[in-house]
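Only one structure is covered here, and it is reproduced in the block below.
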Amino acid sequence: MEPWNELADAVSLALLGVDSAAPLRTTEEGRRRASAVLDRFRLCYELPNFSLGRAAETVVTQLDRLRMRARSADDKRDGHPAGDLLLETRTLLACAAPILVDVADALRAEGVDLDLASVRDESVPAFRFPQLPATTTPTGRSPALDGAR
């Protein structure tokens, strides 16, 4: 949960000051990276190599990669457009939908397009990358604290 929420925070910070009223442009490089993410997930979901475990590992790998990109996505610092970051995170969300069904349903309810064909879009509407809720055990303690006993 922590890496996911760190990415949500980093995306929010990267979008500060970005005009979110209009769709954000993407670059060919951003579309290429989003397509590569989709290809990695297809390997996990298609037969004969179907593996939800490998798909979950791919989610974690992409979370780490995107957190680093989000931290450096300020257009003024390095030229990475915010649209590319949103396209890549939206692709991650769409690919993680079979695992994170509730998150995907909530995003769709907010109007976020999780269609896998949209990885080639030349622009992407701004959206909020969702935080995952804090979890507790039946004792009311966080799982990390229960494991420390």
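Read-outs throughout are calculated quantities, based only on the coordinates presented, and are distinct from any laboratory measurement. Computed from a predicted model, the values in this text were never measured in an experiment. Here the Cβ is made from the backbone with ideal geometry for all residues, glycine too, and neighbour counts use every protein chain on show.
Under the definition of Cα pairs under 8 Å and six or more residues apart, what whole-number percent is the relative contact order of the stretch 2-146? Can you show the working numbers first?
Numbers: 178 pairs, mean separation 52.7, N = 145.
This gives 36 percent for the stretch 2-146.
Quote the FRET efficiency, to the nearest 0.05, computed for Asp115 versus Met1 with a Förster distance R0 of 22 Å and r equal to the Cβ-Cβ distance. Don't skip to the answer; put the middle values down first.
Working: r = 26 Å, r/R0 = 1.19.
In this case the efficiency is close to 0.25.
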Requested in this report: Could I have the simple spin-label model distance between Thr61 and Ala126, label points 7 Å from Cα toward Cβ, reported in nm to one decimal?
Outcome: 3.3
**Report entry** Isotropically averaged projected area of the stretch 2-146, using the convex hull of Cα atoms (one quarter of hull area), nm²
**Finding:** 9.8
Query raised in the report: Once you put a point 7 Å from the Cα of Asp102 and another 7 Å from the Cα of Leu13, both along the Cβ direction, what distance in nm separates them?
Result: 2.7
